[in-house]
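The values are calculated or read from the model by the stated rules, or taken from the named source; none is laboratory data. Predicted, not measured: the structure shown is a model, and the values here were computed from it. No Cβ is skipped: glycine too gets one built from the backbone with ideal geometry, and neighbour counts run over all protein chains shown.
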Amino acid sequence: MTLLKVFIILLSFTLTCCFLRHCTVLAQGQKNKSHTAKNPCDVMDYSDVTGIETIVNCSMRSLQFISKSWFLENTSELMLQNNLLTFVPNSTLNSLSKLKQLSLQDNLLSYIQPKAFEGLVSLQYLNLENNRLNLFSLPVDVFSDLISLTELRIIQPTENVQRVYNVSNHSRQTTTASFPDGMFTALNNLTNLSASVFGQVLYFNKDFIDLKKLTGLEITGNVKIINEFSFENIKTIQNLSLFQFNDIANMSDLVLGSFSNLSYVTYNLIHTGLHAALDTLRPLVNSNVRLIKFEQVQKVPGLKYVSLLTRDGFLDVTSTRYLRQICVEELQLNRNSIFVIDFGTFSGETFNRCLKSIYLINNPLIGTIMAFTEGLTLHNLNKFVITGSFVRENGLDDGDSQISKYRLYSSSKNELDMNNNLSTSLGNLDNVKETTVQISKSIEYVDVSSVFGESHLNKRVTIRGGENVKFVRLVDDGIKFVEFPIEGLPNIQVFVLSFNKMYILEPDFFNAYPSLVTLRIDSCRLVSSFVSQYSARMFRNLTRLQNLDLSYNSLEILEPKTFAVNPLLVTLNISGNRFKQIPFDLVLTPKLQLLDVRENVLTSISQEDRNLIEGHKERLGKFQLLLAGNIFSCGCENLQFLQWLHFTDVELDNNKNFTCISRTGVLSSTLAYLDHAGLWRECWGQVCFNVSLGLLCFTLIGFVLVFVWSRNKILIQSRLLQIFTGLKFNTLADYKYGAFIGYSDIDYHFACFPLRQYIENDLGLVTFLQDRDLSPSLAYADGIMEAINSSWRIIKRTLPVYKVGYGLINENFVIQNEWFLFTVRSAIYAMSPANPNRVVILVDAKSMHHLPTEILNSVPEDSIIQISRWEMDYNLRQSLKTRLVQ
């Protein structure tokens with residue numbers, strides 16, 4: 001009994017263990033299945049020279065947490081940006097030993113746990129920008145495992161910098177450094193660092209001494225002082241970028257003295273003032289620098305005229321004394337409210353030897369062009385760009401197939417109107433017949449835009465040394481009178497003259513530039529009548545032209561052969577004009593791929609032009625037609641054009657949906673007319689119905705006319721002759737006999753008695769019977785002819801109708817009487833328009849098919865009376881009365 005109890009207990013225990021194990025396995029499987037089903041990330045594999053790489057994309061998923069099960073162990077790139085993550089937990093990423101790139105920017109991160117990045121020994125790129133992080137509140141060893149990291153980005157939003165500084169200021173270490181001690185000591189392979197700094201003084205602590213490979217540094221923040229010691233522990237920097245230091249109060253002129261190999265210097269939104277920024281270049285004297293870029297370094301941003309008071313708006317030899325001693329290849333002084341450039345600003349042996357590119361973009365320059373033309377004589381200068389206050393709407397180059405636009409800068413009402421009061425002058429050339437400008441032969445790119453308040457090309461201007469210039473842009477320079485070309489630029493390929501006021505333009509102006517590939521003369525207020533007369537002449541020497549912009553000139557007409565000598569034309573922009581149709585012959589532009597006719601007054605595109613456009617598409621494989629801004633006609637006359645819009649393979653803009661106006665004047669869109677069959681019915685259904693009905697009526701009328709003609713041919717001829725020739729019908733007095741009765745010998749009884757008696761007694765007509773009235777002295781034929789010609793004239797009560805003769809025809813008469821044909825033919829010959837119904841035939845119904853064709857062709861059908869019984873019954877009497885009297 002005891003053994004039995006023990007056995008039962010062991011069996012129960014074993015079954016219980018098996019059940020629990022089974023439940024555990026099932027629960028684990030359900031858990032894994034749940035994690036797999038809820039994984040919000042996309043996994044992508046791609047192969048490169050190093051093998052297969054796995055990318056996990058979890059960006060823009062509104063994630064508030066992350067799970068380890070979402071990421072494969074062989075993941076090489078993990079994207080977690082643009083979510084709602086508030087912290088990075090421990091042990092979530094530690095299995096990703098092959099991870100190379102990790103993106104956590106644009107979240108709500110305020111904390112990173114100590115072991116969050118543990119095990120990421122292969123990580124090379126880490127982006128933590130735009131979160132709520134404070135480095136001083138993070139674990140010091142948070143980056144300790146990132147031994148392969150080469151780029152670290154930890155810039156935080158400017159509005160959060162002061163907030164996190166105030167929160168953590170009481171807990172900061174005693175060091176005055178801008179970064180926590182020991183945080184970056186393990187990052188021996190770091191080459192690029194982007195970080196936000198805050199505090200009173202910018203200072204990189206001694207941890208950075210060991211970062212020998214760090215060459216790129218980008219910093220921003222709210223520090224007030226940057227002194228000569230700020231960078232003393234970070235001497236390996238080659239690319240330095242300082243931007244958006246809004247509260248900077250003091251920046252030492254020795255700030256760059258710690259760097260020994262500095263190649264790129266960028267100041268952006270540093271509110272020190274331009275002169276103070278230029279003074280910080282002092283340590284770089286006699287050094288080689290590839291780029292110096294100062295952008296928006298005004299003391300008071302947004303108030304550019306303050307620079308006139310602070311003298312920062314004046315560039316002269318004093319303010320550039322250090323700059324001119326640096327061997328810099330590219331110099332950019334953009335949007336710094338520079339008003340005056342004095343003589344000597346760009347002079348000096350060092351500039352002459354080293355400087356290759358000058359950019360002074362978006363500065364409200366005033367004065368004379370001669371002040372900065374000295375920069376054009378620098379021996380190695382390649383690019384020369386000086387522009388006034390305008391804003392470009394898109395970033396495409398002017399040589400691009402798409403044609404860029406400009407918008408003039410609009411200053412506030414409280415500021416001085418620069419266009420009227422502070423404009424740069426080309427110089428007084430009224431008393432000068434010719435002007436010569438010397439430039440360096442190394443220059444290839446010249447941009448002098450929005451600089452001249454007003455300029456005229458009514459005198460000869462010659463450029464010496466311009467043989468290698470390829471790009472010239474004179475945008476918004478107030479150019480009005482263009483009588484002479486700028487000579488000495490035979491090889492320019494891109495010429496931009498946008499936003500000028502060229503009311504007068506010499507037709508042969510562009511002949512001086514035979515190498516032009518791109519020409520832009522948009523928004524130049526060209527006179528429409530002038531262009532319509534000389535458009536072919538304007539471009540006749542530009543055989544290499546590929547891109548042309550004539551937009552926004554209010555043009556109405558071009559000569560059809562305008563582009564006869566421009567067969568290489570690829571893009572053409574004629575938008576913003578008043579063209580009612582494509583204004584040139586598309587046959588002349590066989591390589592055209594982009595035609596921009598937006599914002600014109602097109603109502604349709606002709607069938608011929610559509611065929612040519614389709615030909616371009618088939619031949620070139622690509623054709624883009626831009627039509628937005630036109631108001632097309634959705635009327636029935638453009639039905640084929642609307643069909644073409646929807647079915648063509650030509651690339652159209654605006655998703656093939658354009659504004660159109662219906663027949664009733666209602667604005668609509670072309671997509672509203674997708675039902676082409678219904679539109680066809682609406683347009684042509686009524687017309688087709690009317691045409692069909694008309695054809696039916698015409699056919700019926702034709703049948704009626706043929707029927708009437710066949711039955712009344714002689715009568716109709718008589719009526720026509722009476723109307724048009726004045727023909728008069730014969731009267732009863734014109735005839736001797738009222739009726740001639742022809743009959744055979746067998747049938748004489750019916751003819752001589754019942755028929756004769758009815759005609760003579762009832763109708764009162766004189767009859768002729770051959771057996772009674774034929775004179776013995778006349779031959780039979782002569783008597784018959786005389787009697788026929790002297791017989792019958794009957795007057796109708798309404799319209800008189802006169803009968804010539806009367807014939808009785810039956811089978812015996814037709815077959816046996818040898819005089820039948822003679823009598824018939826004589827009677828037929830006696831018919832005339834003066835008495836068209838002269839012959840009346842009585843025929844036996846059985847003998848109808850024996851009638852000669854002469855009778856059937858000549859005698860009206862109504863004058864042939866079929867008789868079944870040879871009796872003077874009522875029907876026969878009425879028929880004879882109708883034909884002989886009425």
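Selection of the range 315-328 for residues being surrounded by 18 or more Cβ atoms within 10 Å (Cβ to Cβ), assigned to a loop (DSSP other than H, G, I, E, B) and not small (G, A, S) yields T320, I326. Of N192, N169, all but one fail to be surrounded by fewer than 19 Cβ atoms within 10 Å (Cβ to Cβ), modelled with pLDDT of 95 or more and not β-branched (V, I, T); the exception is N192. For the structure I just gave you, tell me whether L821 is among the aliphatic types (A, V, I, L, M), assigned to a helix (DSSP H, G or I) and modelled with pLDDT under 80. The answer is yes for L821. Would a scan of the range 50-63 turn up a residue that is over 27 Å from L135 (Cα atoms), touching a residue at least 12 places away in the same chain (Cβ under 8 Å), acidic (D, E) and assigned to a strand (DSSP E or B)? Yes - at least one qualifying residue is present in the range 50-63. Do the conditions hold for F703, that is, is it out of contact with any Leu (no Cβ under 8 Å at 6 or more places or on another chain) and at pLDDT 75 or above? Here the answer is yes, as F703 does meet what is asked.
A quick yes/no check of all residues on (1) basic (K, R); (2) touching a Lys or Arg at 6+ places or on another chain (Cβ under 8 Å); (3) modelled with pLDDT of 95 or more:
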| position | (1), (2), (3) |
| --- | --- |
| I492 | no, yes, yes |
| D508 | no, yes, no |
| T518 | no, no, yes |
| C524 | no, yes, no |
| E559 | no, no, no |
| L568 | no, yes, yes |
| S575 | no, yes, yes |
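Can you tell me how many residues within the range 655-675 are in a helix (DSSP H, G or I), out of contact with any Leu (no Cβ under 7 Å at 6 or more places or on another chain) and either touching a residue at least 24 places away in the same chain (Cβ under 8 Å) or of a type outside the set (S, T, N, Q) (or both)? Show your work before the answer.
Within the range 655-675, the subset in a helix (DSSP H, G or I) is 655-656, 670-673.
From what is left, the residues that are out of contact with any Leu (no Cβ under 7 Å at 6 or more places or on another chain) are 655, 671-672.
Now restrict to residues that are either touching a residue at least 24 places away in the same chain (Cβ under 8 Å) or of a type outside the set (S, T, N, Q) (or both): 671-672.
Residues that pass the stated criteria total 2.
Look at G615 and say whether it is touching a strand residue (DSSP E or B) at 6+ places or on another chain (Cβ under 9 Å) and either small (G, A, S) or in the same structural domain as W684 (by TED's automatic domain parsing) (or both). I'd like the intermediate steps shown before the answer.
Working: touching a strand residue (DSSP E or B) at 6+ places or on another chain (Cβ under 9 Å): no; either small (G, A, S) or in the same structural domain as W684 (by TED's automatic domain parsing) (or both): yes.
No; evaluated as a whole, the condition is false for this residue.
Applying a threshold of 7 Å to beta carbon distances and a minimum spacing of six or more residues, or different chains, the list of pairs starting in the range 749-764 at a residue that is under 16 Å from Y874 (Cα atoms) and ending at one that is of a type outside the set (A, V, I, L, M, F, W, C) reads R756/T767; Y758/R877; I759/T767; L763/K881. Scanning the range 832-857 for residues that are surrounded by fewer than 19 Cβ atoms within 10 Å (Cβ to Cβ) and either under 21 Å from L769 (Cβ atoms) or among the hydrophobic types (A, V, I, L, M, F, W, C) (or both) returns A834, A845, M848, L851, L856. Filtering the range 257-314 to residues that are of a type in the set (S, T, N, Q), over 24 Å from F339 (Cα atoms) and in a strand (DSSP E or B) leaves only N288. The residues of the range 94-109 that are at pLDDT 95 or above and among the polar types (S, T, N, Q), listed by number, are Q101, S103, Q105, N107.
Just one of (1) among the aliphatic types (A, V, I, L, M); (2) more than 27 Å from P490 (Cβ to Cβ); (3) not in a loop (DSSP other than H, G, I, E, B) fails for L548. It is (2).
Looking at the range 562-579, can you tell me whether even one residue there is touching a strand residue (DSSP E or B) at 6+ places or on another chain (Cβ under 6 Å) and more than 30 Å from G466 (Cβ to Cβ)?
Step one: filter the range 562-579 for residues touching a strand residue (DSSP E or B) at 6+ places or on another chain (Cβ under 6 Å), giving 571-573, 575.
Still in the list and also more than 30 Å from G466 (Cβ to Cβ): 575.
Within the range 562-579 (the criterion being touching a strand residue (DSSP E or B) at 6+ places or on another chain (Cβ under 6 Å) and more than 30 Å from G466 (Cβ to Cβ)), the answer is yes, since at least one residue qualifies.
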